[in-house]
Amino acid sequence: MSEAKWERWGALAGVVFVVLVVVGALMGGSPPKPRDSAAKIMKYFQDHEGNLKVGAYLNGLSLIPFLWFLGTLFGRLRRAEGGAGRVSGIALTGGVATGAMARVASGFDAYSALHPEASAGSFQISSILLGYAAFAIAVFVAAVSAVVMRT
């Protein structure tokens with residue numbers, strides 16, 4: 001298979017990732033705020049249990065096309081950057097860190113869907129992890145932008 005074909009598959013993987021994440025996120029409706037009462041958070045997880053389980057599965061499944069997309073993007077950035085590919089490596093690291101933190105956060109949400117009685121703490125931990133994932137997203141976006149701007 002030609003390199004161009006692999007890159008098209010990688011781009012398609014990025015689209016599939018976005019679709020899975022968006023559909024998975026919308027499955028549970030409007031979530032409570034982390035600062036809401038434990039009773040309100042527990043009620044949300046009890047009321048949306050089935051949809052949240054499906055959403056968590058889709059979110060986990062999205063890791064497969066996300067990693068495929070990241071690999072394709074890394075190859076493209078590295079060729080564009082030339083040399084050691086230091087900045088494209090930083091982009092890859094930021095993307096992997098983002099994916100890892102987001103999936104761990106999703107795991108806490110899945111646990112909340114399976115055990116609504118413990119949902120308040122799990123949901124709050126998930127929210128904190130997603131906040132930290134924003135820093136990894138910033139590294140990813142900054143590195144990709146740097147390569148794009150330089151080339």
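Taking region 56-81, which residues are aliphatic (A, V, I, L, M) and crowded, with 17+ Cβ neighbours inside 10 Å?
56, 58, 63, 70, 73, 77
If you check 5, 33, 53, 40, which single one turns out to be in contact (Cβ under 8 Å) with a residue 40 or more places away in the chain and open to solvent by 70 Å² or more (accessible area, probe 1.4 Å)?
The match here is 53.
Sort out for me the helices (runs of 4 or more DSSP H) sitting completely within region 25-106 that have 3 or more residues that are modelled with pLDDT under 90 and aliphatic (A, V, I, L, M).
none
Pairs only if they're at least six apart or on different chains, beta carbon under 7 angstrom, first in region 94-120 and among the polar types (S, T, N, Q), second open to solvent by 50 Å² or more (accessible area, probe 1.4 Å) and modelled with pLDDT of 90 or more; list them, first residue then second.
These pairs meet every condition: 98/137; 119/42.
Report the residue count in region 92-117 for those that are hydrophobic (A, V, I, L, M, F, W, C) and open to solvent by 40 Å² or more (accessible area, probe 1.4 Å).
Looking only at that region, the number is 7.
With respect to residue 145, is the statement that it is open to solvent by less than 20 Å² (accessible area, probe 1.4 Å), assigned to a helix (DSSP H, G or I) and without any contact (Cβ under 8 Å) to a residue 24 or more places away in the chain true?
no
The values are calculated or read from the model by the stated rules, or taken from the named source; none is laboratory data. Please read all numbers here as calculations on a predicted model, not as lab measurements. A quick note on method: Cβ atoms are made from the backbone with ideal geometry, for glycine too, and the neighbour counts reach across all protein chains shown. Heavy atoms of the whole protein, side chains included, go into the accessibility calculation; ligands, DNA and RNA do not. Shrake-Rupley method; radii C 1.70, N 1.55, O 1.52, S 1.80 Å.
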